[in-house]
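Student: Have a look at the structure that comes next, please.
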Amino acid sequence: MARENILRGGIETDPGRASALSRRSAEHFGMLVIESLKSAEMLEDDRWREHVKLEIAPDVMAVLEDPEQALIMASGHFGNWEIAAQLLSRYKPVAGITRTMNNPRVEELIQRRKPRYRFHPIPKYAADPRRFLAVLQDREILALLTDQHAHTGGVPIEFFGHPAATYTTAAMLHLVTRAPLCFAACRRLGPMRFELTSSPLIEHRPSGDKKADVRAILIALNGHLEDAIRQAPDQYIWGHRRWRD
Amino acid sequence: MSDAIIDKLRDILRDSSAEDRDWDSVDGSTTIESLGIDSLSILDLLYDIDQDFGITLEAAEVIDIGTVGEIAALLRKRGA
């Protein structure tokens, strides 16, 4: 599946190179799990500065430093989103949807690790817009990975040139609450070294054309995700069946 | 007696819901859930309220909304 997705997205055109990239993507996922298990120590106190270079847009940083403002932070299954969420929770609590790992041994390791600072997991089965509204009301960060196939209520948005059913939640939450929205990605630079970047705030006011508003926001988010992936395609989880037409 | 806010809400809810039902019977005591407004479409509903009433409801105000009448009360409080 990963190889097919890489070819379909035009990241590689040669099947052999696509296979090699899919292997590196699988290795990246293994690294991600190990890094995530080590993350609590790595991000302790001021030690995080040795490991993470922050490149946050000034308007996003202003929101992070303002206790009166919530933030919707969209990302994808790129780089190490766990490190990103934990680091950002130093600014304000972060809530994000989590799911059980397919591998029970890995899941056990994840569950046994230290608590993750101010990261509040929302189990996938309990992910509900009302819960998200509560997070925003509490002036916290709502972290959403927006690149999973939307089984229900999604809209087709181009992802690497092909329409992919995309969840509308991040866009709708921004439109109805006016909570600031941005895209963020945490790219691995080397062993236990990362760069956490954000887009500037994505500001879109409701125009009366709901579908067009949602589409404009999701196109912007997908564009940022594509840019991040192009920088390090081996740090993207290509195994997900994103295109289902 | 007709209530202009409830009437307008009824139209919005009809558009947001996939339910085939007797919409004329919807009144202040009708629960949102019974109208087929699921957790996802609550955001659509808020968007439509914003556009049709020109009022952006706060997250805290809508988290516990249960009935059409409760939305109408919120809108009245906000000057609708």
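Student: Assign unit charges at the C-beta atoms only (+1 for Lys and Arg, -1 for Asp and Glu), then state the dipole size of segment B:33-73 relative to its Cα centre in Debye, rounded to the nearest 20.
Tutor: Magnitude of the dipole: close to 40 debye.
Student: Filter the cross-link list A:LYS92/B:LYS77; B:LYS8/B:LYS77; A:LYS38/A:LYS92; A:LYS211/B:LYS77; A:LYS211/B:LYS8; A:LYS92/A:LYS211 down to pairs whose alpha-carbon distance in this structure exceeds 25 Å.
Tutor: The pairs that break the limit, which is 25 Å between Cα atoms, are A:LYS92/B:LYS77; A:LYS211/B:LYS77; A:LYS92/A:LYS211.
Student: Let me ask something additional. Per DSSP H run of at least 4 residues, take -39500 (n - 2.57); add these up for chain B, divide by its residues and hand me the 222 nm value, nearest 500 deg cm²/dmol.
Tutor: Computed mean residue ellipticity for chain B: -14500 deg cm²/dmol.
Student: Which value results for Rg/Rh of segment A:1-104 when Rg is the Cα radius of gyration and Rh the Kirkwood radius based on the inverse mean 1/r?
Tutor: 1.04
Student: Now a separate question. From the square roots a ≥ b ≥ c of the eigenvalues of the alpha-carbon gyration tensor of segment B:2-57, which class results: rounded (a/c under 1.5), prolate (a/b over b/c), or oblate?
Tutor: Cα axes put segment B:2-57 in the oblate bin.
Student: Let me check against my output: what whole-number percent is the relative contact order of segment A:160-245, with C-alpha pairs under 8 Å and at least 6 apart?
Tutor: 32
Student: Decide, for segment A:181-245, between rounded, prolate and oblate: order the square roots of the alpha carbon gyration tensor eigenvalues as a ≥ b ≥ c, take rounded if a/c falls under 1.5, and otherwise choose prolate if a/b is larger than b/c, else oblate.
Tutor: Oblate, since a/c reaches 1.5 and b/c is not below a/b.
Student: For chain A, what is the relative contact order in percent, using Cα pairs closer than 8 Å and at least 6 residues apart in sequence?
Tutor: Rounded, it is 30 percent for chain A.
Student: Moving on. Give the accessible area for A:THR152 in Å² (nearest 10); use a 1.4 Å probe, count only protein heavy atoms, and leave out ligands, DNA and RNA.
Tutor: Spelled out: A:THR152, probe radius 1.4 Å, area about 90 Å².
Student: Let me ask something else about it. Once a ≥ b ≥ c are taken as the square roots of the eigenvalues of the Cα gyration tensor of segment A:127-218, is the result rounded (a/c under 1.5), prolate (a/b larger than b/c) or oblate (a/b not larger than b/c)?
Tutor: oblate
Student: Starting from the Cα of A:LYS124, draw a straight line to each of the aspartates and glutamates and keep only those under 18 Å, dropping any in the same chain fewer than 8 residues away.
Tutor: A:GLU82, A:GLU107, A:GLU108, A:ASP147, B:ASP38
Student: Roll a 1.4 Å probe over the protein heavy atoms and report the accessible area of B:ASP22 in Å², nearest 10.
Tutor: Taking all protein chains as shown, B:ASP22 has close to 90 Å².
Student: Below 14 Å, Cα to Cα, which aspartates and glutamates can A:LYS210 reach? Residues fewer than 8 away in the same chain don't count.
Tutor: Straight-line reach from A:LYS210, under 14 Å: B:ASP15, B:ASP44, B:ASP48, B:ASP50, B:ASP52.
Student: List the residues, sorted by chain then number, that are 5 or more residues from A:PHE194 or on another chain and whose placed amide H is less than 5 Å from its amide H.
Tutor: For A:PHE194, the qualifying residues are A:VAL52, A:LYS53, A:LEU189.
Student: Could you quote the convex hull projected area for chain A, Cα atoms only and averaged over all directions, in nm²?
Tutor: Convex hull of Cα atoms, orientation-averaged projection: 12.9 nm².
Student: Could you give the DSSP H helices of chain A that reach 18 angstrom or more along their long axis (alpha carbon positions) and whose average Kyte-Doolittle hydropathy is no lower than 1.0?
Tutor: none
Student: Per residue of chain A, what 222 nm ellipticity follows from adding -39500 (n - 2.57) for every DSSP H run with n ≥ 4, rounded to the nearest 500?
Tutor: So the calculated ellipticity at 222 nm is -13000 deg cm²/dmol.
The values are calculated or read from the model by the stated rules, or taken from the named source; none is laboratory data. Because the structure is a prediction, the values reported are computed rather than measured. Cβ sites come from the backbone with ideal geometry, for glycine too, and all protein chains shown count toward neighbours. The accessibility values were calculated without ligands, DNA or RNA, using every heavy atom of the protein model including side chains. Shrake-Rupley method; radii C 1.70, N 1.55, O 1.52, S 1.80 Å.
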